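To start, the structure under review is shown below, and the notes come after it.
The values are calculated or read from the model by the stated rules, or taken from the named source; none is laboratory data. Bear in mind the structure is a predicted one, so any value in this text is a computation, not a measurement. A quick note on method: Cβ atoms are made from the backbone with ideal geometry, for glycine too, and the neighbour counts reach across all protein chains shown.
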């Protein structure tokens, strides 16, 4: 059986410094995979190679068995790869609905319809996606007026506009309040599993990772040092020493049994 995403021996260096070295992994449809690690571990570089923003020095990336190496971001996007960013990127002067419409028209290769038909083009599908992420009541508001958590939901709707089979989310909950973080990832997980979308996400909040990831990978100095179910990876001594912190105890019922919560341990590791 072909994996949705296959990455083999991926590598990238800058001026002799290896940002990513010999990274290999696979992701299946409907699976949620977390990529964690300290700042500077190479997570964003990995993401930028996967969606074509950066060309790998070595290695192979395949989506549904088709190589994407050397393809520009737009070509990768058209293969069914959605992307959200650590810092939201929306058109503040446009309405919430119009932001999604532009993405839909771009995917349909018919942006010219925007000028001929104004706000009518793809409006119904835009409203469907906004309802899906809980933003339907905000459709006519300017994006610039939204709270940050709502912008993140709008960005998710935009990322779903190309009917993705693979969704790349670079720190999707960055800057959000704790309750908003859990809500956004629960929504993402529900959509992904229902629609069979594979999700690869980076995240510093371990509460989010442990609740939603089917598997997790840990990157350190560009190399994968651990991979597996969250309960297994969290017990890895090297992972605890490098990232999670010593003495972390966390159970599947989302209860803190030790002196520090997973999120606090991760934040402490970055100070």
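One residue stands out among those in region 139-174 that are without any contact (Cβ under 8 Å) to a residue 40 or more places away in the chain and touching a helix residue (DSSP H, G or I) at 6+ places or on another chain (Cβ under 7 Å): the one that is nearest to residue 82 (Cα to Cα), which is 153. Among the candidates 82, 30, 92, the residue that is closer than 22 Å to residue 155 by Cβ and modelled with pLDDT of 95 or more is uniquely 30. On the basis of being over 27 Å from residue 99 (Cα atoms), at pLDDT 95 or above and surrounded by 16 or more Cβ atoms within 10 Å (Cβ to Cβ), does residue 205 make the cut? Considered against the rule, which asks whether it is over 27 Å from residue 99 (Cα atoms), at pLDDT 95 or above and surrounded by 16 or more Cβ atoms within 10 Å (Cβ to Cβ), residue 205 comes out as no.
The single condition from (1) farther than 23 Å from residue 46 by Cα; (2) assigned to a loop (DSSP other than H, G, I, E, B); (3) modelled with pLDDT of 85 or more that residue 259 fails is (3).
Could you tell me whether region 224-231 includes any residue that is surrounded by 15 or more Cβ atoms within 10 Å (Cβ to Cβ), under 20 Å from residue 30 (Cβ atoms) and at pLDDT 90 or above? Yes, the conditions are met somewhere in region 224-231. Does residue 131 count as in a helix (DSSP H, G or I), within 22 Å of residue 94 (Cα to Cα), modelled with pLDDT of 95 or more and more than 15 Å from the chain's Cα centre (by Cα)? Considered against the rule, which asks whether it is in a helix (DSSP H, G or I), within 22 Å of residue 94 (Cα to Cα), modelled with pLDDT of 95 or more and more than 15 Å from the chain's Cα centre (by Cα), residue 131 comes out as yes.
Within region 46-58, restricting attention to residues that are free of Cβ contacts under 8 Å to residues at least 60 places away in the same chain and part of a helix (DSSP H, G or I), the residue that is farthest from residue 188 (Cα to Cα) is 49.
Screening region 1-19 for residues that are surrounded by fewer than 17 Cβ atoms within 10 Å (Cβ to Cβ) and outside any strand (DSSP E or B) and picking the one that is modelled with the lowest pLDDT gives 1. Those residues that are part of a loop (DSSP other than H, G, I, E, B) and more than 26 Å from residue 240 (Cα to Cα), I need them from region 165-205; list them, please. Listed by number, the residues that qualify are 165, 196, 197. When region 28-44 is filtered for residues that are crowded, with 22+ Cβ neighbours inside 10 Å and either free of Cβ contacts under 8 Å to residues at least 40 places away in the same chain or under 13 Å from residue 5 (Cα atoms) (or both), only 32 remains. Regarding residue 156, is this residue under 10 Å from the mean Cα position of the chain (by Cα), in the same structural domain as residue 135 (by TED's automatic domain parsing) and either part of a strand (DSSP E or B) or on the phi < 0 side of the Ramachandran plot (or both)? Spelling it out, residue 156 is indeed under 10 Å from the mean Cα position of the chain (by Cα), in the same structural domain as residue 135 (by TED's automatic domain parsing) and either part of a strand (DSSP E or B) or on the phi < 0 side of the Ramachandran plot (or both). Filtering region 20-38 to residues that are part of a strand (DSSP E or B) and either touching a helix residue (DSSP H, G or I) at 6+ places or on another chain (Cβ under 7 Å) or not assigned by TED's automatic domain parsing to the domain that holds residue 203 (or both) leaves 20, 23, 32, 34, 35, 36.
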